[in-house]
Amino acid sequence: MSYPHIIIDETRCKGCGLCTIACPQKLITLSDTPNNQGFTVAVFCDSGKCSGCALCAEMCPDVAVMVFKQN
């Protein structure tokens, strides 16, 4: 069985944290270390619990989150 997965574009993410709040499963966190632009970007913790609801992508003002649902 395959699960939905999320890809976060680190070059677009500015670390606002809205996706972390939106995720009902709490599978997205902010990294501990900044990226090349100095932002602590969002990181997806793939634990097989992602439902593919895409609330994280809907909340992202920088269009940095992509949700792929598996059929």
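Among the residues of the range 1-19, is there at least one that is modelled with pLDDT of 95 or more, in contact with a helix residue (DSSP H, G or I) (Cβ under 7 Å, 6 or more places away or on another chain) and not hydrophobic (A, V, I, L, M, F, W, C)?
No, the range 1-19 contains no residue that is modelled with pLDDT of 95 or more, in contact with a helix residue (DSSP H, G or I) (Cβ under 7 Å, 6 or more places away or on another chain) and not hydrophobic (A, V, I, L, M, F, W, C).
Restricting the search to the range 24-46, which residues are without any contact (Cβ under 8 Å) to a residue 24 or more places away in the chain, surrounded by 14 or more Cβ atoms within 10 Å (Cβ to Cβ) and not in a strand (DSSP E or B)?
Hits for the range 24-46 are Leu27, Ser31.
With the structure loaded, tell me whether Ile7 is of a type in the set (A, V, I, L, M) and in a strand (DSSP E or B) or whether it fails that test.
yes
Could you say whether any residue in the range 11-23 is β-branched (Val, Ile, Thr), open to solvent by 60 Å² or more (accessible area, probe 1.4 Å) and in a loop (DSSP other than H, G, I, E, B)?
Checked against the condition, which is being β-branched (Val, Ile, Thr), open to solvent by 60 Å² or more (accessible area, probe 1.4 Å) and in a loop (DSSP other than H, G, I, E, B), the range 11-23 yields at least one hit.
Just the residues that are loosely packed, with under 12 Cβ neighbours inside 10 Å and either in contact with a Leu (Cβ under 6 Å, 6 or more places away or on another chain) or more than 16 Å from Thr11 (Cβ to Cβ) (or both), please, taken from the range 47-71.
Ser47, Gly48, Gln70, Asn71
The values are calculated or read from the model by the stated rules, or taken from the named source; none is laboratory data. This structure is a prediction, so every number in the text was calculated from the model and none was measured. Cβ: placed from backbone, ideal geometry, glycine included. Neighbour counts: every protein chain shown. Ligands, DNA and RNA are stripped out before the accessible areas are found, and what is left, the full protein with its side chains, is counted by its heavy atoms. Shrake-Rupley method; radii C 1.70, N 1.55, O 1.52, S 1.80 Å.
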